[in-house]
Structure formats: C-alpha cells, structure tokens
1. I'm a student and want to see the number: the projected area of the Cα convex hull of the protein assembly as shown, averaged over all directions, in nm².
2. Under the Karplus relation 6.51 cos²θ - 1.76 cosθ + 1.60, θ = phi - 60°, what is the ordered set of whole-Hz ³J(HN,Hα) values for the stretch A:102-115, x standing for Gly and Pro?
3. As a test of the formula, what do you get for chain A when each DSSP H run with n ≥ 4 contributes -39,500 (n - 2.57) and the sum is divided by the residue count, at 222 nm and rounded to the nearest 500 deg cm²/dmol?
4. State, as an integer percentage, the relative contact order of the stretch B:114-249 based on alpha-carbon contacts under 8 Å between residues 6 or more apart.
5. With just the Cα atoms of the stretch A:10-82, tell me how far they stretch along each of the three principal axes, in Å, largest first.
6. Please give the per residue accessible area of chain B, computed with a probe of 1.4 Å over protein heavy atoms only, in Å².
7. Pull up all non-local amide H partners of B:GLY124: gap of 5 or more, or a different chain, and H-to-H distance under 5 Å with H placed in the peptide plane.
8. Of the residues A:GLN112, A:GLN75, A:GLN45, which exhibits the maximal mean-square fluctuation in a Gaussian network model of chain A defined by a 10 Å Cα contact cut-off?
Amino acid sequence: MNPKRKKKLILLSSMVAAVAVAVGLVLFALSENINLFYTPTQIAQGEAPVGQRIRAGGMVVEGSIERARDSLDVQFAVTDYKHEVIVKYSGILPDLFREGQGIVAMGSMNDQGDFEASEVLAKHDENYMPPEVEAALKASAETAAIE
Amino acid sequence: MWKTFVAWFHRMGSPKWFYDITGRWIPWFAVASALLLIAGTVWALAFAPEDYQQGNSFRIIYIHVPAAILAQSIFFLMAMAGAVGLIWKMKVADMVAKSCAPIGASMTFIALFTGAVWGKPTWGAWWVWDARLTAMLILLFLYFGVIALQSAFDSKQSGARASAILSLVGVVNIPIIKYSVEWWNTLHQPATFTLTEKPAMPAEMWVPLLVMVIGFYCFFGTILMMRTRNEILEREKRTHWVQGLLSKK
C-alpha cells in the first residue's frame, strides 16, 4: 500500500471511530429516554414520574386479570418477577394479550400507585413454535407437576 | 493467498474485466435466486407450521427478516465499496456503491412495511417509536441521503466521494440496529437469527427462513451486478471495448 493510500485509510478509519464514539456517548447519555417502557421495579423505586404519560411493560401475572361484567374495563397486574404493578384499562385488548404474555401499556401512574393505561400493546418473543409443540410442552410440564 | 486476493482485487478494478466476469456470473445467481425464492415461498406459506400464538400472521417473518438482514448487509457493503473508492480511487467500487443504494433502500422499505403490517395484528400498533424501529427508519433516511448526494454534484467523482463519506458515517447505525433490542427495553423481540446460537424456533420453521435469506442474497447479487454493468456501460461508452461490444451486435 503506498503512503498516500495508507494515510487516507487511517484518516477514514479514525473518522468512523470518532463518529462511533460520539454517537455512543450520545446514546449512553440518552439511554433512559430510549427505553420504550419502565419496568415494574423502576416504577416501584419511584423512577417513573407520577402523572406524566409514560409506558410500563412487563409480564401479565397469571390469574390477575379481572374483567368488568358490564363494560370493557379490565384490570391486571404486570410483573418483572421482582415487583408488580396493577394496570387499569378500558378498551379492546390485542389478540396476543393473555396471562404470562409480555405487554407494554401507555398511560400514567395515579395517586394510588396504579397504572391507568390508555393503550395496551402485546409483546412477543423470538421463540416461535408450532401449536403441537406448545401443546406437548404444556402436557409435559403438567405431568412433571403431577409427579 | 493474500497475493492472489490482491491480484483479484486489482483485476476487479478494471471495468472491462468486471463487466466480463459478472456477465458470466449473472445467469447462475439469477437461477439460484429464482429457485431459492420459489422453493422458500412455497415452503414458508404452505408447509411451515403456524405459530402457536400468532397463527398464520407469523408467516410474514419469511419476508420481513430477509429484507431486514439485506437492508443492513447492503448498507455495509455500500460503505465498504465507498471506502475502497475513496482510498484506492477505484471507479468500479464507486459504481458498485451507487448501484447498492436503491436496492438497499427498497429492502429497508420492505422491512419497515412488512413490520408495520405484522405489528398491527400482533402488537396492536402499526408503529411504535421503539429503538429498533426508529433506528431502521434512520437507515432508510440514510439511504435517501446517499442517493440524493450521488446526484447532487455535477461531477460523478464528487458525488461518489460525498456519498461514500455519508455511508461510512452511517455505518455506525448498523450495530445500533442490531443491538438495539438488547441494549434497551423495546417492543420488538430479540433477533431471530444469530451467528453464534441455534435459532429458538424448530427446524421446520427456520430452514425455510434460511432458504429465503439465501435467496434474497442471490437476488441482491443478481440485481447489483446488472445495475453495476449498466453503470459501467454508461460511463465507459466512449472507450474502445464498449464501442467494440456495440459494433459486434
């Protein structure tokens, strides 16, 4: 490689490195704002502002869903397996919403420490599987539980 | 090994040689991509099982993931070609970079569009300002910027230089897209495919996906070579060998 090209190569690589560092620092400084949602632990520790519109995310706790008989009001708890937050919502839930499912809710914390949601989104993971496999997994988990 | 690579690299820098060799490669790539894409699509739509939660809407993954992978790979290739063009002043590299941009922008658009269509039934929203989605949107704008810069200058060389610098700067966005789902809380699920780990889904689901990904790569290779050859003919039209090609026909 001739010296001129080498100089250019070094110049270009250092330019890319400098941009990478700058962007990295910006993202690091903004990291709290880039997170899409607050976890129940962050809410329990008071990191989430009260009264402001925020998002809360977590797993829907098994057996915590309570639906009103005469309206679309629904209430459930979300957890990150350390803390739980009660979410209150009125409206149609996405198809994937169920117990044990990850969700992200948009809304705000009220004075009682409950989360009043105006929008609920379902989150899914990358563990796609056919229905038969899921049924087999459930069956084996049940037999394991019986034993 | 290194020496043969260097020799090959320098030969690739000759537009005539590039034109001749890709002319021989294109049929192979075209046939491979047609076979893989047809086989992959039929397999994915008719034979792969549906997902236990999402049912059939899961099948959009077979377009969404390959397009998203290609969008990022193409950007990386474009930046590398741009760097080669800047450092070695290789005209063919500039032409390759120029040909990459519209293909990559289309792939990014397909990934965003299929993602929105998939997001509505599963998440409950077309669009969410989550880190992965936003970074992907920035990638689309970077592609637009590169395309605009290429034609913003009177001289092709200045256009190539400016767009190469923008694509090199934009390369920083690629690891951000890739790791966004790990660094931050996002609505988007983690990666379907990683190089180091086995996919989390069973083989009957991921094998057709892999076929589609390879098919997309072959398709990209075909289109890239065709576009670059056009670009070469356009820029070299006054040279002897292009005139020779024309008079032969």
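1. Working: hull surface 104.9 nm².
About 26.2 nm², averaged over all directions.
2. Taking θ as phi minus 60°, the curve returns x, 9, 10, 10, 9, x, 9, 7, 9, 5, 7, x, 9, 9 Hz for the stretch A:102-115.
3. Numbers: 3 runs with 53 residues, N = 147.
The helix contribution divided over chain A gives -12000 deg cm²/dmol.
4. Working: 69 pairs, mean separation 23.0, N = 136.
Taking the mean separation of contacting Cα pairs over the length of the stretch B:114-249, I get 17 percent.
5. Answer, in whole Å and largest first: 69, 25, 22 Å.
6. Values: 12240 Å² over 249 residues.
That works out to 49 Å² for each residue.
7. For B:GLY124, whose amide H was placed from the backbone, the distant partners under 5 Å are A:ALA122.
8. A:GLN112
The values are calculated or read from the model by the stated rules, or taken from the named source; none is laboratory data. Remember, predicted model here, so these are calculated numbers, not experimental data. Ideal geometry is used to build each Cβ from the backbone, glycine not excepted, and the neighbour counts take in all protein chains shown. Side chains included, ligands, DNA and RNA excluded: accessible areas come from the protein's heavy atoms. Shrake-Rupley method; radii C 1.70, N 1.55, O 1.52, S 1.80 Å.
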